[in-house]
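Report on one structure; see the data block that follows.
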Amino acid sequence: MKLAMIGFGQAGGKIVDRFLEYDDRTNSGIVRAAVAVNSAKADLIGLENIPQENRVLIGQARVKGHGVGADNELGAEVAEEDIDEVQNAIDAIPTHEVDAFLVVAGMGGGTGSGGAPVLAKHLKRIYTIPVYGLGVLPGTDEGGIYTLNAARSFQTFVREVDNLLVFDNDSWRQTGESVEGGYDQINEEIVRRFGILFGAGEVGDGQDVAESVVDSSEIINTLSGGGVSTVGYASEDVELNTGGGLLSRFTGGEQADDDLDAANTTNRITSLVRKAALGRLTLPCEIEGTERALLVLSGPSEYLNRKGIERGRKWLEEETGSMEVRGGDFPRHEPEVSAAILLSGVTNVPRIKRLQQVAIEAQDNIDDIQAESEENLEELVEDDEDELEPLF
């Protein structure tokens, strides 16, 4: 799948930058064009892979290149005001070669949280190709203002895109990690999961052709209908043996007869599919009630048998209750077999419900604090006994 990626804000820019590095490392060719948009000049300078001419600084008249300070209303305003500057960068993208736009943003900050929905709305008005969002939720330990920003941004973003793919930092931060190290690890997880998903179907020179090809239309059909999506992932290592064959835990570590190998591989693929669906999703949720799903098995072609994929797809149908479960293989010369599962149109998401509850409480607290602050200020400056006349 060929994507035009637009990273909005600090987190969005870093993730798109990492996608370009992944593309180069794996030769996957997912990113047809990449643009970074920010109101903070320093964040744009810190990017490594996005071309300089595709880095767009917005809001200079309002914030002078210093960012919007986690004010996502201001982020939305400067995006609206400077949308033509963003469009100038997008005009250079050969959209006839692109399957979809992917607008990437952290939803807890200011610029991306406020600006990404504005850009998505603008793109949908102009282009006929799908516009998807990739939104990153802040951790609950990041504070009330970021939770409030995320809840408001989520509510708006999901309405303005054709589908919102969500990654929840709360589920991926590890205790004891530095902030920078934690986000680097999280960005790598995001890129790996979505990279395998969007990269499926690409065939390079000397690569095996899939038995059941997953191309861009399969992904687009799975994401059609809108709503919220999450991605599951699981993998097992495969080692090259000295005799030139492949050995791994996947086949029990020894070459048996063909029938046993096929049966064992089928069972291990089904097990891998279950791990991917029931393990750590990018957005934790109950998979029952999922509207549509897509299963991609990748790895050396020897281990990607049709029977295993069909059995895994059937299991997904039963677990989700969906009649729209697509599946296929993605042969890659990599030392692992992996399963990536896209669950689209999920509705049973406790994390989103909690996010909205905490945000409502935070909003009430902010209103109370504001009212109390004004009262306290009045008490501080007034003097009943000897009233002073103001200067003007």
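The values are calculated or read from the model by the stated rules, or taken from the named source; none is laboratory data. All of these numbers come straight from a predicted model, not from anything done at the bench. Here Cβ is always computed from backbone atoms with ideal geometry, including for glycine, and neighbour counts include all displayed protein chains. Note: accessible area is taken over every heavy atom of the protein model, side chains too, but ligands, DNA and RNA are not part of it. Shrake-Rupley method; radii C 1.70, N 1.55, O 1.52, S 1.80 Å.
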*At a Förster radius of 35 Å, what calculated FRET efficiency corresponds to the Cβ-Cβ distance of Ala92 and Asn267, to the nearest 0.05?*
0.10
*Taking amide H positions as placed 1.01 Å from N in the peptide plane, with prolines and chain starts having none, which residues 5 or more places from Gly227, or on another chain, fall under 5 Å of its amide H?*
Leu164
*Can you give the accessible area per residue of region 286-338, in Å², using a 1.4 Å probe?*
43 Å²
_Taking amide H atoms as placed 1.01 Å from N in the peptide plane, list the residues 5 or more away in sequence, or in a different chain, whose amide H sits under 5 Å from that of Val56._
Ala36, Val37, Asn38
*Once phi is turned into θ = phi - 60°, what whole-Hz ³J(HN,Hα) does the Karplus curve with 6.51, -1.76 and 1.60 give for every residue of region 124-130, x standing for Gly and Pro?*
5, 6, 9, 9, 9, 6, x
_Show me the ranking of peptides 150-159, 2-11 by mean Cβ neighbours inside 10 Å, starting with the highest._
2-11, 150-159
*Give me the percent of the accessible area of region 1-151 that comes from carbon and sulfur atoms, probe 1.4 Å, all protein chains in place.*
46 percent
*Among residues other than Val37 whose Cβ falls under 11 Å from its Cβ, what is the net charge (Lys/Arg +1, Asp/Glu -1)?*
-2
*Per residue, in Å², the accessible surface of region 12-157 once ligands and nucleic acids are set aside, probe 1.4 Å*: 41 Å²
*Karplus 3J(HN,Hα) series, Hz, for region 64-80 with 6.51 cos²θ - 1.76 cosθ + 1.60 (x for Gly, Pro)*: 6, x, 9, x, 9, x, 6, 9, 6, 5, 5, x, 5, 5, 5, 5, 4
*Compute the relative contact order of region 94-156 as a whole-number percentage, counting only Cα pairs closer than 8 Å that sit 6 or more residues apart in sequence.*
43 percent
